[in-house]
Each structure stands twice: as C-alpha cells, then as structure tokens.
Amino acid sequence: PFVAGNCAALPETLMESELFGHEKGAFTGAVDRRAGCFEQAQNGTLLLDEIGDMPINTQAKLLRVLEDSKVRRLGAATETPISVRVLAATNQPTETAIQNKRLREDLFYRLNVFHLPLPPLRDRKEDLPAISAALIRNLNKKHGCRVTHMTPDVLCRLQDHAWPGNVRELRNVIERAVIVAGEGEIHLR
C-alpha cells in the first residue's frame, strides 16, 4: 500500500492519532479503534508530506517509531511491529528549519538516507513539455475531455512564465485549459 499523510493539514491534537492510530475510548470522540498511517502502510510506503510543519513534540515520537519499527496506538498497552518504507517531503530548506528549531536535527538525519532534491519548476523548464503532457492525460480522465496536446505557442508561453506557485500552479492552468478546450488542442486565444 501507499499512504500519504499531510503533516501541515492536521492540527497538533489530531496528528498523533492520524499517524499512530488510537484505541476506542483513548480520547473524547474515539468511538472505535483506528489504525494510523503507519499500520495502514504496513509492508508498503508512507509519505510524510510537509514534514517540516509537523509539531516538534510529534517529531520526537516519530523518531522513536522510526528507530524501533514499532508503533503504539494512543491508549494502547502494547506496541505493534511495523515494516514501512518512509518518504518525507518538505518545501522548506531543511538547514533553515533545523536552525529555527522547526525540524529536529536527529529526525532529519534518520530520514535523510537518500536525498532527492527537486528544484522548483522555474529552474527546470525543460521538464514543462513532459509534465504538461502527463497533466493533460490525467485531467482528460478527470473531466471526461479529449484534449490531445498544446500548440507550440502555448508551450512557449508556459516556458516564459516564472511559476511562483510551482507545479500546483501549472496544474491549475492546464486544468482550466483542458476544461475550456474540451477536445483537440490547447491553443492561445
């Protein structure tokens, strides 16, 4: 399985329950036992997106889980062994986050087994044609459209843009274009 958890999207009070799970009655509103992201990703992959936004106290608990390969649900008396590949992503420079005490240095070194830096879209515009084509295929499926491609002048316009919103901005631009075109090619108006 592949499970993605967004560390920036959850309030601190729910973060531990989301990651580690909880037992029935562990807190107000815990009406059932629930497996957390680690258990859901057993024998698969867990993506911890925006790890730099995870509360520092939760980072300490995460470090323990990574070290021991065991997770304890909130309110549980025992630990559950886990076998999970963990990927972590952040949009923040890790050195700055460590210096500003937003990311634990020991957690960074535990996670940083294999580092894949991904420059912003503005620094890799040669990827625009391939990314755009993939987005068109996916958005055709989502919206029931039959767009085939974008014209060279559209691609030139995309390459001239600075993309401050990165790939998310590109996706939104292409999604609008796919919806408006409906079929055939995307061209400048």
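The HN-Hα couplings worked out from phi for the range 101-113 by the Karplus form 6.51 cos²θ - 1.76 cosθ + 1.60 (θ = phi - 60°) are 6, 9, 9, 5, 5, 5, 5, 4, 5, 5, 7, 7, 6 Hz, whole numbers, x standing for Gly and Pro. Among the protein heavy atoms of the chain, carbon and sulfur supply 52% of the accessible surface, probe 1.4 Å, non-protein parts ignored. For the range 1-92, DSSP calls about 25 percent of its internal beta bridges antiparallel. Among L63, L87, L121, the largest mean-square fluctuation in a Gaussian network model of the chain, built with springs joining Cα atoms closer than 10 Å, belongs to L121.
The range 76-127: which chymotrypsin sites (Phe, Trp or Tyr not before Pro) are DSSP loop and have at most 12 other beta-carbon atoms within 10 angstrom? When the chymotrypsin sites (Phe, Trp or Tyr not before Pro) of the range 76-127 are filtered for loop state and at most 12 Cβ neighbours within 10 Å, F114 remain.
Applying 1/(1 + (r/R0)^6) with r as the Cβ-Cβ distance of T96 and E185 and R0 = 45 angstrom yields a FRET efficiency of 0.55.
Kindly report the accessible area of the chain per residue (heavy atoms of protein chains, probe 1.4 Å, no ligands, DNA or RNA), in Å². Don't jump to the answer; show the numbers that get you there.
Working: 11490 Å² over 189 residues.
Ligands and nucleic acids excluded, the figure is 61 Å² per residue.
A Förster radius of 30 Å, combined with the Cβ-Cβ distance separating A35 from F114, puts the computed FRET efficiency at roughly 0.65.
Taking amide hydrogens as placed 1.01 Å from N in the peptide plane, the amide H of V71 sits under 5 Å from those of T80, I82, each at least 5 positions away in sequence or on another chain.
Given Cα pairs under 8 Å that are at least 6 residues apart, what percent is the relative contact order of the range 1-148? Working shown, then result.
Details: 205 pairs, mean separation 32.9, N = 148.
Taking the mean separation of contacting Cα pairs over the length of the range 1-148, I get 22 percent.
Distance from the C-alpha centroid of the range 77-91 to that of the range 1-17: 12 Å, rounded to the whole angstrom. Would you mind checking the range 14-51 for residues with the amide N under 20 Å from a putative spin-label position 7 Å along Cα→C-beta of D106? Under 20 Å, as judged by backbone N against the label point of D106, lie 16, 20, 51 of the range 14-51.
Under the combined filter of DSSP loop state and at most 11 neighbouring Cβ atoms within 10 Å, the range 18-92 retains these trypsin sites (Lys or Arg not before Pro): K24. Loop-located chymotrypsin sites (Phe, Trp or Tyr not before Pro) in the range 1-104 (DSSP state not H, G, I, E or B) with no more than 16 neighbouring Cβ atoms inside 10 Å: F27.
Relative to the longest principal Cα axis of the chain, at what angle does helix 166-181 sit, 0 to 90 degrees, rounded to 10? The two axes meet at around 50 degrees. From the Kirkwood radius over Cα pairs of the chain, Stokes-Einstein at 4 °C and 1.567 mPa s returns a whole-number translational diffusion coefficient of 67 µm²/s. Rounded to the nearest Å, what's the spacing between the alpha carbon centres of the range 126-187 and the range 23-52? Just the number, please. Cα centres, the range 126-187 to the range 23-52: 35 Å. Computed from backbone phi with θ = phi - 60° and the Karplus coefficients 6.51, -1.76 and 1.60, the 3J(HN,Hα) list for the range 143-160 is 9, x, 9, 9, 6, 9, 5, 10, 6, x, 5, 5, 4, 4, 5, 5, 6, 7 Hz; x is used for glycine and proline. Just so you know, the Cα atoms of the range 107-178 work out to an Rg and Dmax of 14.9, 46 Å.
Shown in residue order for the range 70-86 are the 3J(HN,Hα) couplings computed by the Karplus curve 6.51 cos²θ - 1.76 cosθ + 1.60 at θ = phi - 60°: 9, 10, 10, 4, 4, x, 8, 8, 10, 9, 10, x, 10, 10, 9, 7, 10 Hz (x for Gly and Pro).
The values are calculated or read from the model by the stated rules, or taken from the named source; none is laboratory data. Note that the coordinates shown come from a computational prediction; the quantities given were computed from them, not determined experimentally. Positions of Cβ are backbone-derived with ideal geometry, glycine not excepted, and every protein chain shown enters the neighbour counts. Protein only, heavy atoms only, side chains kept; ligands, DNA and RNA dropped before computing areas. Shrake-Rupley method; radii C 1.70, N 1.55, O 1.52, S 1.80 Å.
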